[in-house]
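Undergrad: Would you mind keeping the following structure in view while I ask a few things?
The values are calculated or read from the model by the stated rules, or taken from the named source; none is laboratory data. Keep in mind that what you see is a predicted model, and the values were worked out from it rather than measured. Positions of Cβ are backbone-derived with ideal geometry, glycine not excepted, and every protein chain shown enters the neighbour counts. Accessible surface is based on the protein model in full, side chains and every heavy atom, while ligands, DNA and RNA are left aside. Shrake-Rupley method; radii C 1.70, N 1.55, O 1.52, S 1.80 Å.
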Amino acid sequence: EKALRRLEGVENVTMSLEKATGTVSLKEGSQWRLKNAQQMAKAIEKAGFKTGYALFDAQGVLTESNGDRVFIIAGTGEVCRLKATPSLQKLASLDSPPEQEARAVMKIDNVIDGVPPAVELVDFRFLELKLAPSQ
């Protein structure tokens, strides 16, 4: 916990050795980036523990870029290319416009290896559902 608390922008850390999980809350106004997951993983490994994956909850825009579904993190403009998953298929089945504000939970595997080329969309909620007009 101490190693994570020292990272810039971290407000609170809760770790459970029993469950082998942890939760990190950022200070209000902090801008989270994918590289923060790597910094956290390095701090955890430096403390003698292993990391597997990270889940993060972010607000931004679900849209398309070069034929891929992407999530653009609000505030930073960081673009996360989304892997094909059941949640992404669910999103594709909705008749939503090409750009939609949303809150998304995403999963990054192998955090320690650096920023991944794509993240997994675990869950999402539109902040305001705007359906495309039927044709």
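Undergrad: Sort out which residues of segment 77-135 are modelled with pLDDT of 75 or more, small (Gly, Ala, Ser) and assigned to a helix (DSSP H, G or I), and write them in order of number.
TA: Within segment 77-135, just Ser87 meets the criteria.
Undergrad: May I pose another question? Within segment 1-47, how many residues are touching a residue at least 40 places away in the same chain (Cβ under 8 Å), within 19 Å of Ala74 (Cα to Cα) and open to solvent by less than 80 Å² (accessible area, probe 1.4 Å)?
TA: Matching residues across segment 1-47 total 3.
Undergrad: I've got another one for you. Looking at (1) closer than 16 Å to Asp109 by Cα; (2) free of Cβ contacts under 8 Å to residues at least 24 places away in the same chain; (3) assigned to a strand (DSSP E or B), which is the only condition Lys50 fails?
TA: (3)
Undergrad: OK, next. What's the number of the only condition in (1) modelled with pLDDT of 80 or more; (2) over 11 Å from the mean Cα position of the chain (by Cα) that Ala58 fails to meet?
TA: For Ala58, the failing item is (2).
Undergrad: Can you tell me which of Arg69, Arg81 is among the basic types (Lys, Arg), closer than 18 Å to Glu120 by Cβ, in contact with a Lys or Arg (Cβ under 9 Å, 6 or more places away or on another chain) and open to solvent by less than 80 Å² (accessible area, probe 1.4 Å)?
TA: The unique qualifying residue is Arg69.
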